[in-house]
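To start, the structure under review is shown below, and the notes come after it.
The values are calculated or read from the model by the stated rules, or taken from the named source; none is laboratory data. This one's a predicted model, so the numbers in the text were calculated from it and none came from an experiment. Using ideal geometry, Cβ is built from the backbone for each residue, glycine included, and neighbour counts are taken over all protein chains shown.
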Amino acid sequence: MSRIQYFIQNPMQLLYMLPALLLGLTLHEWGHAYAAYRCGDPTARNLGRMSLNPLDHFDILGTLCLLFLGFGWAKPVPVNPRNFKNYKRDDIIVSLAGVAMNLLQVIFFSALFVVLVRADNRLFFNDAFYSIFLNLIGINTTLIIFNLIPIPPLDGSHVAENLLARKVPYQTFAFLRQYGRYILLALLWLGILDYPIRWAQNLVFGLISRLLVA
């Protein structure tokens, strides 16, 4: 069953996804903006993007891809690396800040889920409760893996380029910067990224299950 068919048959699942979409994407972009500000670049802050308002980060294509393809993004935070105190170090920090926010959410909501279910195991069988937490944990896990892919404009590309600039020909990075978006859309459409995402999600949910029975 495709994701579109699934949502048609289960329209409430779209509502259950909303908290995860709002928190996952908003905190991801806020993390970039805050890290950039701390590293000496006030660009995002001056443009009102160091914000916890989801509307400031909304990207319609990225949201639709996240809903119907399982991968997505928010509107990228503007960053001027010329303002960084240490270009290479700060570019890596800012690039990983968004992923760090998603990781913190995975840890927090996983722990909260375990605590609440242990306190009242009936919650485990409550469809709304279970689905909301499933999405909070699953979507943030997806955002972590997806954004670590070393293809522009994703965060992982900045990390890879900074770490491998002397080992990989410049033309490789130039090609990826020019065609990276199209490569990503092709990978999404062909489902090539499904396996690593499912592996990561299964790993997280497996750990949660062990904590519940411990």
- Message: What pairs come out if I take residues in region 152-176 that are touching a residue at least 60 places away in the same chain (Cβ under 8 Å) and pair them with residues that are of a type in the set (Ser, Thr, Tyr) and assigned to a helix (DSSP H, G or I) whose C-beta lies under 8 Å away, six or more apart or interchain?
- Response: 155/95; 156/95; 158/95; 159/95
- region 19-66, residues that are touching a helix residue (DSSP H, G or I) at 6+ places or on another chain (Cβ under 9 Å), modelled with pLDDT under 90 and either of a type in the set (D, E, K, R) or farther than 19 Å from residue 78 by Cα (or both): 59, 65, 66
- What do you reckon, is residue 95 touching an Asp or Glu at 6+ places or on another chain (Cβ under 8 Å), in a helix (DSSP H, G or I) and not charged (D, E, K, R)? yes
- Note on the structure: Every listed condition ((1) at pLDDT 95 or above; (2) closer than 19 Å to residue 49 by Cα) holds for residue 77 save (1)
